[in-house]
Each structure stands twice: as structure tokens, then as C-alpha cells.
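Nothing in this text is a laboratory measurement; each read-out follows from the coordinates by a stated rule. A quick note: this is a predicted structure, and the numbers were derived from the prediction, not measured. Here the Cβ is made from the backbone with ideal geometry for all residues, glycine too, and neighbour counts use every protein chain on show.
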Amino acid sequence: NAGVTQTPKFQVLKTGQSMTLQCAQDMNHNSMYWYRQDPGMGLRLIYYSASEGTTDKGEVPNGYNVSRLNKREFSLRLESAAPSQTSVYFCASSDPGQSYEQYFGPGTRLTVT
Amino acid sequence: QKEVEQDPGPLSVPEGAIVSLNCTYSNSAFQYFMWYRQYSRKGPELLMYTYSSGNKEDGRFTAQVDKSSKYISLFIRDSQPSDSATYLCAMGGYGSWGKLQFGAGTQVVVTP
């Protein structure tokens, strides 16, 4: 039982490049979330998926797209990376029908130069 | 103004002391409250959660919620160097699809 896994762990991109961050959970949770964490800002919600087949914007969605591939997997895409997207990205999952606790992956450290 | 305010610290305490952390919030729709612990370069780990006002105890940890004052606290008794981490409060409201609003996190350093 791995919980929430994320790939890659680290990535360096040049401005304008694109990439996809992958997230998978094995807890059979309905809801999944993408956050970014910046110093002094806490965790800010980028996008979330309340259930398979649905996605919605969070607090800071600009410059990102997401895909809920199936119940287990939720990916985050940066189409044209900018230095302002340098951050640590966390994926989380929960099952709000049962309880509201979210469980987090280990994170992806992204640097855009 | 942020919906959730949390002092970023750092908070430095000697081993064995009580650590006291708190958050204030402005949204009266928040009904459930959590504390996460985050070690350096790791993901947040759920520590405590509560859905009501009052106290909840789990070993050395006590979570306290005062909805009338919009104030939550976490107390760590008999602190250990292994408690050195950043502690984030989080909260949400029913009907918000499980979304959480996080505080900025308080860095705690427990010195031997």
C-alpha cells in the first residue's frame, strides 16, 4: 500500500518548456488535488478533481492544466513553464464521502530557469 | 486578508517543553480542522483532525478548537528533537468537495 505517489521527484525546465507531473493513489479515494508550496505561502490549491471525470479550478490555476485519467491517476501539466512556476508541487487525495482528511504524496521539486 | 492566519515562527523550545501552536480563521463556514506535520523536503503528514469545538487528545498531542473565537490550537507535550518540523493547520467546510484551506505553517525547532 504505497498511498500517494508522485513522479518525478525533481525537475529542471527552461522557460517555455512543457512537462507533466504524475500522481497516483491506491486508497480508492474519489477526490484528488494538486497544490503548490512556496516559502511563506503555505499550500495553495491549483486544481482539484472531486470525482473521476470531473476537474475544477482552485486558487491558483493559471498556467496549468489537469487530467483525471481514471480513479487512481491525476496529472498536472505545465504547457509553457515560467520562472514563477518554480515551486514544490504536492498531490493529495481524500474520500469526502467518508472523511475529509487529505493524504499527500512526497512532492515534486520544480525549478524553471 | 488571508482566510487562515498562522505565525510562521520559527519557534524554538528546549527538549521537554510544551509547544503551543495556533491558527485563526475568518470563514465561519469552516467546520473541520486538521493539523499536519511536515519534515524538511517531505510531504505533509496528517497529525490530528477534529470536527467539533473542544479538545482532542492523542498521545503527546492535543488539538483544541474554539469555533466561537475562530481559533484553533495544537499542543505538544514533552517535546522531542524529532518534533522539529513545520506544522500546518488546515480547515474546510461541508459542501466544499473536501477542499482545505491551509495556514502558512509554523516552523518548530526543539533543541536537546
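The Cβ shell under 13 Å around B:Val4 holds other residues with a net charge of 0, Lys and Arg each +1, Asp and Glu each -1.
Holding the Cα-Cα limit at 31 Å, pick out from A:Lys9/B:Lys67; B:Lys42/B:Lys99; A:Lys71/B:Lys70; A:Lys9/B:Lys99; A:Lys71/B:Lys67; B:Lys42/B:Lys70 the pairs that are longer than that.
A:Lys9/B:Lys67; A:Lys71/B:Lys70; A:Lys71/B:Lys67
Assign one of three labels to region B:37-98, namely rounded, prolate or oblate, based on the Cα gyration tensor with a ≥ b ≥ c the square roots of its eigenvalues; rounded applies when a/c is under 1.5, prolate when it is not and a/b is larger than b/c, and oblate otherwise. Verdict is oblate for region B:37-98. A simple count of charges around A:Arg36, restricted to other residues whose Cβ falls under 10 Å of its Cβ and scoring Lys, Arg +1 and Asp, Glu -1, yields -1. Averaged over the residues of A:28-39, the number of partner chain Cβ atoms lying within 10 Å of the residue Cβ comes to 2.
Ordering A:Arg44, A:Arg68, B:Arg77 from the fewest to the most neighbouring beta carbons within 10 Å gives B:Arg77, A:Arg44, A:Arg68. Entry note, chain A: relative contact order of 35 percent, from Cα contacts under 8 Å with a spacing of 6+ residues.
So what is Rg over Rh here for chain A, counting just Cα atoms and using Kirkwood for Rh?
Taking Rh as the inverse mean 1/r over Cα pairs, Rg/Rh reads 0.95.
Pairs of alpha-carbon atoms within less than 8 angstrom and 6+ residues apart define the contacts here; what relative contact order does chain B have, in percent? With pairs under 8 Å counted, the relative contact order is 37 percent. Neighbouring Cβ atoms from other chains, within 10 Å of the Cβ of residues in B:92-98, number 6 on average.
Rounded to the nearest 5, the antiparallel percentage of DSSP beta bridges internal to the protein assembly as shown is 90%.
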